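Report on the following structure.
The values are calculated or read from the model by the stated rules, or taken from the named source; none is laboratory data. The model shown is predicted, which means the values in this text are computed figures rather than measured ones. Heads up, the Cβs are rebuilt from the backbone with ideal geometry, glycines too, and the neighbour counts pull from every protein chain shown. All accessible areas refer to the heavy atoms of the entire protein, side chains included, with ligands and DNA or RNA removed. Shrake-Rupley method; radii C 1.70, N 1.55, O 1.52, S 1.80 Å.
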Amino acid sequence: MSTPPSTGSPRRACLVVGVPPRPRDELIRTAAEVAQQYGALALFATVDPSRYAVNGADGSTWSAPIDPDSDEPAEPTFDPEVRRRIEGLMGGLDVEWSTRCLVGDTATALAAFAAEQEAAMIVVGTREPGVSSGFREFLGGSVAVHLAHRQDRPVLVVPLHPVATDARLPWEAS
């Protein structure tokens, strides 16, 4: 089988990594290992669900708070502490990486960013155990499930809190 002639330099593979507000090291390490194994760029992305994207008539894009009385800064920024944690965990690995802050629904924003970047896959972690995360998942559903069903890229779900075979699953009420 022959390959068509190249029309330019190939685009470097990349992974989009969904980073929650308090990411677990396992998520960052796993994404870094996968990126290193495949020689891919790791794009760590947080999503601010309290803001939405606004597209201007001139093609520009910015974000606005859902709450019009919000005193949040004009544009969201990637949490510097989370960035330092990522930097510490990426140290010593031969992986190029960057961070990005997105806005809107988490699954939708990650899927759109992955499409824009032509990402090879999206990496997310399993949900945090606890009542508040269960309530958030009840309201919005699992980010991993939404991604697996509503976009066309592979989704790598990193188990952050594996439970024993005979233990209750996180979504099973006690």
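Testing ASP48 on (1) at pLDDT below 70; (2) buried (at least 19 other Cβ atoms within 10 Å of the Cβ), one condition comes back false. Which one is that? Only one criterion in (1) at pLDDT below 70; (2) buried (at least 19 other Cβ atoms within 10 Å of the Cβ) is unmet by ASP48, namely (1).
Total residues in region 83-104 satisfying the condition of being in contact (Cβ under 8 Å) with a residue 40 or more places away in the chain and open to solvent by 90 Å² or more (accessible area, probe 1.4 Å): the figure is 3. For region 19-41, a residue qualifies if it is under 10 Å from VAL95 (Cβ atoms) and either outside any helix (DSSP H, G or I) or of a type in the set (Asp, Glu) (or both), and the qualifying residues are GLU33, GLY39, ALA40, LEU41.
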